[in-house]
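Worksheet: the structure to be examined is printed underneath.
Since every read-out is calculated from the coordinates, none of them should be taken as a lab result. Quick caveat, the model's predicted, so the values are computed rather than measured. Quick reminder, even Gly has a Cβ in these numbers, built from the backbone with ideal geometry, and neighbours come from all protein chains shown.
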Amino acid sequence: MQRIKYILALTGLLFTGCKSVLDVTPQGLYSTGNYWRNQSDAVDGVTGIYNILLEEDYTGFNEFVFDNCSDDQVRGGDHDYDGVIEDFTYDASTYSVRVGWRWKYETINRSNNVLIYVPKIAGMDADIKNRCLGEAHFFRAFAYWRLLLIYGEAPIITEDDVLKSSYNKPKVTADELRAQIESDLLAAADQLPESYDDANKGRVSKGAAWGLLCKLYMNWAKLDKAIEYGNKVISNANYKLAPNYADNFSVATGNNPEMLLAVQTVDGNGYSDFITYHAPRNWNGWSFFYPTKGLVDEFEAGDPRKNICIMQPGDKINIGTGIATYEAAASWSGYHYKKFCSWKPSGGLDYSLKTPLMRAADIYLLVAEAKIRLNGPGAGDVEINAIRKRASATLPAVTNAGMAALMHERRVELCGENERHQDLLRWDKASLVDIVELYKKPKLAYNGTVITRGGAPRKFSKPKNYYFPMPQQEIDRSKGTLVQNPNY
């Protein structure tokens, strides 16, 4: 990581234009063309792709703003522009709509460079070369996946475009974007290993590619394919569920087999905006995401996931230096997400806590959903009960479960993990819920009152609000090549 930062710093110096005693004859400056010399360069170059996940305007914070649209959480903090995301009054210039675009295409750019140059490196270990290429295919797919979910349509830039310097391209349809994601993920699944040693934990595996394929096929309404690739995750012991639900949200056990994709940080050598934005302000955080009463009430009596996920008034919280009492005044809703917070014994947030981006539990429940939608109630009981039994042996098993039971399980298992709004969009498109009526309901605080900021009923317009507008600044830069999404 330090080497990547050094290279980027050198690159920046090339453009300062300053004349001083520092203007010496270059001895080791890198360019894209001369950087990729050996296996070490290849591995460092791929590490630079992972590094983008730390960006605040990507998975560090801004991606999770979009779930404020859901009924599960309400915005906090002092970003007024988050409010227009939540109430569907955003436009093509809204900050949260436009800032993530850059980092998705930076991910694509770095992935393309790996795919262009790593095959040309002589003398590389074959397994490491394949792994590097698989990681690049995966992250290019992941970036296009996020573009698909947010904008619906977007330009595709591949290796050929880089070699031809062809970057100003029109957007493609959602199905063309899905086809590109599918192609990259199939390549990734072919090249990536199933698992890693301790020194490489946190890298993406075949399971990550299979899991994202399952999610892609659910979005594509290809339910049989979702089951096929989801089962590759479920049936593989390398991706087994963690013994305890809380293991996924612990510094010591966050990199367990269930965690198919997570942002990696180590306290003292990395910083995660994610934990900062979630923790209460009076306990070192910034308080930007608050659960609603509707989400908290969704948990069944005796479900231990509630206490793992949620801070409620009166809860005793270990903040490292002692035990503190959580008070309703800490949040507009009277709640915080507990699952995304951790403190060091010496005080301060523990940035070794991972940011979960995809867990095997998500895939279990997607397989269950696909089976129910294809074969009717009861078809997904095995997968749903695996999740419930892991949560607690005392939770009653489901029998002949339909979509209502599946929706409940996804809501409590994955709460706060940026899935709820996308779930509701998918179910609305399949006529399984009415998202317009659901979002007309106010968001409530712990005491049953409407949350003062962000709690008012919202107007969701179909099909307009299925996607966000393309950033106006990108349309302007394209000089007419990019065309705005319909209804904006």
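I need a count of the residues in region 419-446 that are among the polar types (S, T, N, Q) and touching a residue at least 40 places away in the same chain (Cβ under 8 Å).
1
As an exercise: evaluate TYR95 against (1) touching a strand residue (DSSP E or B) at 6+ places or on another chain (Cβ under 7 Å); (2) within 14 Å of GLU474 (Cα to Cα); (3) of a type outside the set (A, V, I, L, M) and give the number of the one condition it does not meet.
Among (1) touching a strand residue (DSSP E or B) at 6+ places or on another chain (Cβ under 7 Å); (2) within 14 Å of GLU474 (Cα to Cα); (3) of a type outside the set (A, V, I, L, M), the lone unmet condition for TYR95 is (1).
Each row is one residue, and each column tells you yes or no for (1) touching a residue at least 12 places away in the same chain (Cβ under 8 Å); (2) aliphatic (A, V, I, L, M).
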position: ASP224; (1), (2): yes, no
position: LYS240; (1), (2): yes, no
position: ALA252; (1), (2): no, yes
position: VAL263; (1), (2): yes, yes
position: ALA301; (1), (2): no, yes
position: ILE308; (1), (2): yes, yes
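Please determine, by comparing only the residues of region 58-96 that are of a type in the set (Val, Ile, Thr) and part of a loop (DSSP other than H, G, I, E, B), which one is surrounded by the fewest Cβ atoms within 10 Å (Cβ to Cβ).
It comes out as THR89.
So in region 365-398, with the set limited to residues that are of a type in the set (S, T, N, Q) and not in a loop (DSSP other than H, G, I, E, B), which one is surrounded by the most Cβ atoms within 10 Å (Cβ to Cβ)?
Per the criteria, the residue is ASN385.
Against the conditions (1) more than 28 Å from SER287 (Cβ to Cβ); (2) surrounded by fewer than 21 Cβ atoms within 10 Å (Cβ to Cβ), where does ALA401 fall short? Just the number, please.
So the condition that ALA401 fails would be (2).
State yes or no: is GLY416 in contact (Cβ under 8 Å) with a residue 24 or more places away in the chain and surrounded by fewer than 18 Cβ atoms within 10 Å (Cβ to Cβ)?
When the stated conditions are applied, GLY416 does not pass them.
Does region 257-279 contain at least one residue that is in a loop (DSSP other than H, G, I, E, B) and at positive phi?
yes
Answer yes or no: is there a residue in region 102-117 that is without any contact (Cβ under 8 Å) to a residue 12 or more places away in the chain and either out of contact with any strand residue (DSSP E or B) (no Cβ under 7 Å at 6 or more places or on another chain) or of a type in the set (Phe, Trp, Tyr) (or both).
No, there is no match, as no residue in region 102-117 is without any contact (Cβ under 8 Å) to a residue 12 or more places away in the chain and either out of contact with any strand residue (DSSP E or B) (no Cβ under 7 Å at 6 or more places or on another chain) or of a type in the set (Phe, Trp, Tyr) (or both).
Has region 353-361 got any residue that is closer than 30 Å to GLY322 by Cβ and in a loop (DSSP other than H, G, I, E, B)?
yes
Quick one: count up the residues across region 447-465 that are touching a residue at least 40 places away in the same chain (Cβ under 8 Å) and surrounded by fewer than 19 Cβ atoms within 10 Å (Cβ to Cβ).
Qualifying residue count, region 447-465: 8.
Please go through region 196-215 and give me each residue that is of a type outside the set (Lys, Arg), assigned to a helix (DSSP H, G or I) and surrounded by fewer than 24 Cβ atoms within 10 Å (Cβ to Cβ), ordered by number.
ASP198, ALA199, ASN200
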